[in-house]
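Heads up, the thing below is written out as structure tokens.
The values are calculated or read from the model by the stated rules, or taken from the named source; none is laboratory data. As the structure is a computational prediction, the values presented were derived from the model and not from experiment. When we count neighbours, we look across all protein chains shown, and the Cβ atoms used for this are built from the backbone with ideal geometry, even at glycine.
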Amino acid sequence: MRVIHMEKTAQLKEFLKDLFSSQRLAVLATQSKKQPYGNLIAFMATNDLKHLLFATTRATRKYDNISKNPRIAMVVDNRSNQEADFHQAAAVTATGVVKEMVGPQKRRFQKLYLSKHPYLKEFVSSPTCALLGMDVETYYVVRQFQNVVELHIKK
Amino acid sequence: MSLIIPLEEIEEKDREQIGGKAFSLAMLSRVGMNIPEALCVKAEAYHQFITCVGLRERILLEINRKNFKEMRWEEMWDAALRIRNMFLQTPIPSEIAKELQSPIEDTFKDKAVVVRSSAPGEDSSQASFAGLHESYVNVQGTEAILEHVRLVWASLWSDAALLYRQELGLEIEKSAMAVLIQEIVNGERSGVAFGKNPNDGSQAVIEAVYGLNSGLVDGTVEPDRWILDRQTGRILSHRPARRENWVRPSTDGTHFETLPTDLSEKTPLTDDEIGRIFNHVLNAEEHFGAPQDVEWTFREDNLFILQSRPITTISSGTSEDKRPWYLSLRRSFENLKALRQKIERELIPAMVEEAERLSHKDFTALSDIQLADEIARRMDIHGRWVAIYWSDFIPFAHGMRLFGQFYNDTVKPEDPYEFMDLLGRGQLKSLERNQKLEEMASMIRKNPSLTPRLKKFETIEDEDFKRKLDEFIQQFGDLSCSIGEQTECLQGPEGILKILLKMTAHAPAKKRWSSHRLDDLTSRFLSRFKEKEEKFAAELLDLGRTSYRLRDDDNIYLGRIEREVVVTIEEGRRRIEKRCRMKLEGVDPAEIIKALRNSNYVPKKRSSTEPMKLSSELKARQIIGQPAGPGIAKGKARVILSPSDLFRFESGEILVCDAIEPNMTFIVPLSSGIVERRGGMLIHGAIIAREYGLPCVTGVPEATTQIHTGDLVTVDGFLGIVIIG
């Protein structure tokens, strides 16, 4: 049983990696004073699925929200805006805590982030832009309309 | 698909990949014309390059920052400069480079080449891009050739090419570029030939210069010109040139030199040679089925055809061909040197003299009718100078750009505006004026007993201070006049005193650069070059600096003339106000003139144009403009809608305006950031912001209506965005 379970986990992780590399944009959810707030952002997942990276300038509302409450959620999906999405599309909600990258870690992750989004070079290189990394705690994976599994990421 | 093809292997099916220029040459070579050996880098190589390195979307993000139609020509410069730098900063990935390297090496070895654009669709008779893209003469070695291939690719995104494609309604996003690499033929005599004179269909035209063709094409070398009968080839007329200069190949590119006297006295072509060129042009026309515009060169007695393209039909009627104007966006070094002489030796002295002459004329003793005539005369004079400003001063700003391009090509900095650091020398007229204000503010700081009297605008007894204030007003006026939409002036020194009091409350604003740092940057830049090249680099830097300085100074000089117009209008306004016993704010000068000429006339007020405001439901949160001064600042906005707003300016506020007019720069040191509707990095306001190291965003549409005085705003001068709230 345990072997089967491990196989399933590995398969799910492969599925997530494929999904994350096929999608460029995700929906980010932050909150402030009990008011949730959503944004479309360009994201990148690290290969071990432990982190989801994104960038924003520091004068934005999302950055302000994150500074006050670093607990966030992110949604990535592969919908095509067709009827078939109801049986075909997959959506993943990640929850966890975000922090701003600094120093050597920032340099390493920035390179990684730009390998997926090279057109954001000017944006990400600006001193006013922050590179943020979400430490993912749980992935909620929805497929076949109502099939939901949870993947808990070990620290 | 292979990425590169020799000229002799080109077939009809390759046309879409290689562009009209390369295709025409391949066809002419096939019918036996003498064509220099060439390779063509296909458009596919361009596509693979921009896709592989992520440039495609970076370019599209850049040109879609703003609605293209809302972009001013200066913003186009900037977008084109930034895109060019992306190409300069991005090497060709090894898998693409490998495919290009060996054919280039095998074909040319150490031979020098010309790297030319050949954009697919470029040379159709409906859409001739003649001269809009770049060509590079005398490039040697595979590495250098590949670098210039990148520059030719980048020229697809030059401002002139962008504007032109926009005008023709071509899909900018689908455009691509092939590149022709052609062995250089160091001809002793070169020129162009038009199979059909665009002005007279029965004639053909041949133009010739000594040396290489580039001098003729960019207009720096005047050609001899022959008009021929198209039917018979008979020479109808010959207009000899003043043969003074020629362009010769140099170790790295080309060089503009004085023509030796023995050549300057000799016509570059014999009648027989003119006949040979004409025959080639007719053969090309027969082959392509349309009259051709041909570039040719003679090496000894051998005639080479360098390129051939259909003559563009210049459309008449409603759609005017604006290409000459677009092309005028590029100015050569020689052209700018001549323009500099004109500006420094003739125009500026004349402008200063004009302002001086006007300021000495006493108009208070004039009768009403005489005063009306004087206002009209001064408005005329001002109008004439505004026209000169556009025809000569604005084009001279290209000096900065020319230097910038040279700097970026040779230094390859990551920041495409690094060159601006070498141009600023702190010798701008605006800064001189601000320095004088600072000196007065410092006198007040040292002598606090002056403050209470100044606050009440009472007479100051301190002789030193009085003298400085008088000198200031004499030299720069009372700071508060502007013309155009606003013609009201705050009379007397009240405006200056208000500003001085605000300045005294804070430590003096620091200018950004020490002369030490500039000297350091300059010597580091010049040390890259040797002898002749160093001399050229120094000359170009000097031209760039003059262009930078004049971009500000000309505004101040024009401002002085403006002031002399406004003071007469003010005198007229006072007289009419007294006569009609009414306030005449918001009245056009033309109405004042009318009322002065006719004592029964009551001037009409201008219908007030309330600035468009967004409804209360809609609020701008973040607006995109152009990054024009690096840095970030947060503060309360002060929106300048009339001259009186300038005097309400509080230290530390963000200056939000339509454009920083010359008569406004004195509040810049008080501000912590600048937002301007008028766009561009090389505009007057951006230059002043940079001198003070202030974050600045320009090209913000509706800046003065979307932002309100008192709004909390963040100016992100790195990314060119303004966040409200």
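Computed values, structure above
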quantity: Restricting region A:14-44 to residues that are aromatic (Phe, Trp, Tyr) and assigned to a strand (DSSP E or B), the residue that is surrounded by the fewest Cβ atoms within 10 Å (Cβ to Cβ); calculated: A:37
quantity: Checking residue A:129 against (1) closer than 28 Å to residue B:630 by Cβ; (2) at pLDDT below 95, the condition it does not meet; calculated: (2)
quantity: Residues located in region B:24-47, provided they are touching a residue at least 40 places away in the same chain (Cβ under 8 Å) and either of a type in the set (Ser, Thr, Tyr) or in a helix (DSSP H, G or I) (or both); calculated: B:24, B:25, B:27, B:28, B:43, B:44, B:45, B:46, B:47
quantity: Residues that are touching a Lys or Arg at 6+ places or on another chain (Cβ under 8 Å) and either β-branched (Val, Ile, Thr) or over 30 Å from residue B:110 (Cα atoms) (or both), drawn from region B:145-156; calculated: B:152
quantity: Meets criteria (modelled with pLDDT under 95 and either more than 23 Å from residue B:622 (Cβ to Cβ) or over 19 Å from the mean Cα position of the chain (by Cα) (or both)) for residue A:83; calculated: yes
quantity: Single residue of B:631, B:679, B:710, B:717 found to be touching a residue at least 24 places away in the same chain (Cβ under 8 Å) and closer than 22 Å to residue B:438 by Cβ; calculated: B:631
quantity: Unmet criterion (only one of (1) of a type in the set (Gly, Ala, Ser); (2) away from chain B (no Cβ under 14 Å); (3) part of a helix (DSSP H, G or I)) for residue A:115; calculated: (2)
quantity: Residue check, residue B:102 surrounded by fewer than 16 Cβ atoms within 10 Å (Cβ to Cβ) and modelled with pLDDT of 85 or more; calculated: yes
quantity: Filter result (free of Cβ contacts under 8 Å to residues at least 40 places away in the same chain and either within 12 Å of chain B (Cβ to nearest Cβ) or not β-branched (Val, Ile, Thr) (or both)) within region A:90-100; calculated: A:99, A:100
quantity: Residues within region A:45-64 that are crowded, with 16+ Cβ neighbours inside 10 Å and within 14 Å of another protein chain (Cβ to nearest Cβ), tallied; calculated: 9
quantity: Matching residues, region B:49-72, being away from chain A (no Cβ under 12 Å) and part of a helix (DSSP H, G or I); calculated: B:49, B:63, B:68, B:69, B:70
quantity: Selected residue (only one of B:167, B:143, B:173, B:188 is more than 25 Å from the chain's Cα centre (by Cα), touching a residue at least 60 places away in the same chain (Cβ under 8 Å) and surrounded by fewer than 24 Cβ atoms within 10 Å (Cβ to Cβ)); calculated: B:188
quantity: Conditions (1) hydrophobic (A, V, I, L, M, F, W, C); (2) in contact with a strand residue (DSSP E or B) (Cβ under 6 Å, 6 or more places away or on another chain); (3) not in a helix (DSSP H, G or I); number of the one not met by residue A:49; calculated: (2)
quantity: Failed criterion for residue B:75 (all others in (1) crowded, with 22+ Cβ neighbours inside 10 Å; (2) more than 30 Å from residue B:303 (Cβ to Cβ); (3) touching a helix residue (DSSP H, G or I) at 6+ places or on another chain (Cβ under 8 Å); (4) more than 14 Å from every other protein chain (Cβ to nearest Cβ) hold); calculated: (3)
quantity: Scan of region A:119-148 for residues that are polar (S, T, N, Q) and in a helix (DSSP H, G or I), ordered by number; calculated: A:125
quantity: Qualifying residues in region A:118-147 (those that are at the interface with chain B (Cβ under 8 Å from one of its Cβ atoms) and more than 22 Å from residue A:29 (Cα to Cα)) - the one surrounded by the fewest Cβ atoms within 10 Å (Cβ to Cβ); calculated: A:127
quantity: Among residues of region B:1-22, those that are touching a residue at least 60 places away in the same chain (Cβ under 8 Å), part of a helix (DSSP H, G or I) and either buried (at least 24 other Cβ atoms within 10 Å of the Cβ) or out of contact with any Pro (no Cβ under 6 Å at 6 or more places or on another chain) (or both), counted; calculated: 7
quantity: Residue tally, condition at pLDDT 75 or above and of a type in the set (Val, Ile, Thr), over region B:455-472; calculated: 0
quantity: Residue within region B:568-576 that is over 17 Å from residue B:689 (Cβ atoms), modelled with pLDDT of 85 or more, of a type in the set (Ser, Thr, Tyr) and not assigned by TED's automatic domain parsing to the domain that holds residue B:713 present; calculated: yes
quantity: Test: residue in region B:305-321 that is in a strand (DSSP E or B), modelled with pLDDT of 90 or more and surrounded by fewer than 17 Cβ atoms within 10 Å (Cβ to Cβ); calculated: no
quantity: Flag for residue A:18 being among the acidic types (Asp, Glu) and closer than 23 Å to residue A:80 by Cα; calculated: yes
